[in-house]
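Worksheet: one structure, shown below.
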Amino acid sequence: MTEASERFDPAVRQMMQTNQANWDARTPVHLASRFYGLSEAPAPSRWFASFEWEDLGAPAGRDVLHLQCHLGTETIAFAERGARTVGLDISGASVAAARDIAARAGADVAYVRANVYDAADVLGERRFDLIYTGKGALCYLPDLDRWAGLVAGLLRPGGQLYIVEFHPLFQALGRTPADGEGDGLLLRHDYLGGRGAVRRDATYTYTDGPAVEGATESFEWMHGLDEVINALVGAGLRIAKLREGDELPWPRWPRMVRTATGWWRLPDASPRIPLLYALLAHA
């Protein structure tokens, strides 16, 4: 049987393979970074906004799938709260690292290496009460309609999809001047999709640390909020809640200030804009 990812146009398949190679190459940089802090015991709760658990309720006893989980730093939080947890990622290096991190933390998580579009192929008949994804995941999806259909098929009746993702406005902002030395922000990138893939130089990633060795090219696809919502509705999911927030789990720009939650936002003198959104949907 042909895997779902193989049914994409050859050019798109090549871009996804390029991304896989880049995430394999990013993994050792991320493991050594202060950003993830994995030289000490994992602290998965630091990556969650307080409202996430409020929206989700207690995960204990539920079957949870974390799509595009990378190192599993968030995946572990569900296992620690008593969920039967699966993490899935395209990068073999990331999955191997995630297994080691979970083992050191004493967390019972099953990790699967697969392109997200092949999740149904590799997971077989398994179905889930909750699918969790986000914080830099959707931009690597070339087709949201196909993805939403996949998610809908993996959820049990009444199951939940929870996306916590960087806001398209946040993704469109860049520092000024173009060399990145200024203190202000400008709209420098697309908010809406529709123009195809954007090639990125991923020699340096969002973490501290040295340059990535080898595969330094990646591709991203922009998706506006309307595209995300319409894809889910088109797949038969019911939108239950949408939040927009002005905090991030790390200081994306130097001028950001730490809040009482431990997360970061722009200073009071800056316009209050959404940097993150959370979307809860039901099957």
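The values are calculated or read from the model by the stated rules, or taken from the named source; none is laboratory data. Predicted, not measured: the structure shown is a model, and the values here were computed from it. Neighbour counts run over all protein chains shown; Cβ positions are idealised from the backbone, glycine included.
Without any contact (Cβ under 8 Å) to a residue 12 or more places away in the chain, closer than 29 Å to residue 246 by Cβ and not polar (S, T, N, Q): is that true of residue 40 in this structure?
Here the answer is yes, as residue 40 does meet what is asked.
Any residue in the stretch 54-76 that is surrounded by fewer than 16 Cβ atoms within 10 Å (Cβ to Cβ), of a type in the set (Lys, Arg) and at negative phi?
no
Here are 18, 85, 75, 27: which of them is in contact with a Gly (Cβ under 8 Å, 6 or more places away or on another chain) and of a type in the set (S, T, N, Q)?
The conditions single out 75.
For residue 146, state whether it is in contact with a helix residue (DSSP H, G or I) (Cβ under 8 Å, 6 or more places away or on another chain), more than 25 Å from residue 80 (Cα to Cα) and touching a residue at least 24 places away in the same chain (Cβ under 8 Å).
Yes.
Does at least one position in the stretch 198-217 carry a residue that is among the polar types (S, T, N, Q), within 19 Å of the chain's Cα centre (by Cα) and under 20 Å from residue 16 (Cα atoms)?
So far as the stretch 198-217 goes, yes, one or more of its residues are among the polar types (S, T, N, Q), within 19 Å of the chain's Cα centre (by Cα) and under 20 Å from residue 16 (Cα atoms).
Look through the stretch 207-229, keep the residues that are more than 30 Å from residue 243 (Cβ to Cβ) and hydrophobic (A, V, I, L, M, F, W, C), and return whichever of them is surrounded by the fewest Cβ atoms within 10 Å (Cβ to Cβ).
Restricting attention to the stretch 207-229, the residues satisfying the condition of being more than 30 Å from residue 243 (Cβ to Cβ) are 209-217.
So of that shortlist, the ones also hydrophobic (A, V, I, L, M, F, W, C) come out as 211-212, 215.
Working: 211: 11, 212: 23, 215: 17.
Per the stated criteria, the residue is 211.
Just checking, does the stretch 239-257 include any residue being at pLDDT 95 or above, surrounded by 13 or more Cβ atoms within 10 Å (Cβ to Cβ), in contact with a helix residue (DSSP H, G or I) (Cβ under 9 Å, 6 or more places away or on another chain) and farther than 19 Å from residue 48 by Cβ?
yes
Give the residue, chosen from 11, 25, that is surrounded by 19 or more Cβ atoms within 10 Å (Cβ to Cβ) and part of a helix (DSSP H, G or I).
25
Looking at 150, 187, which is the one that is of a type outside the set (D, E, K, R) and surrounded by fewer than 19 Cβ atoms within 10 Å (Cβ to Cβ)?
187
In the stretch 115-143, how many residues are of a type in the set (A, V, I, L, M) and surrounded by fewer than 20 Cβ atoms within 10 Å (Cβ to Cβ)?
Result for the stretch 115-143: 3.
Considering only the stretch 62-96, how many residues are within 24 Å of residue 158 (Cβ to Cβ) and touching a strand residue (DSSP E or B) at 6+ places or on another chain (Cβ under 8 Å)?
Going through the stretch 62-96 one residue at a time, the tally reaches 18.
Identify all residues within the stretch 258-282 that are surrounded by 15 or more Cβ atoms within 10 Å (Cβ to Cβ) and part of a loop (DSSP other than H, G, I, E, B); write none if there are none.
263, 266, 270, 274, 275
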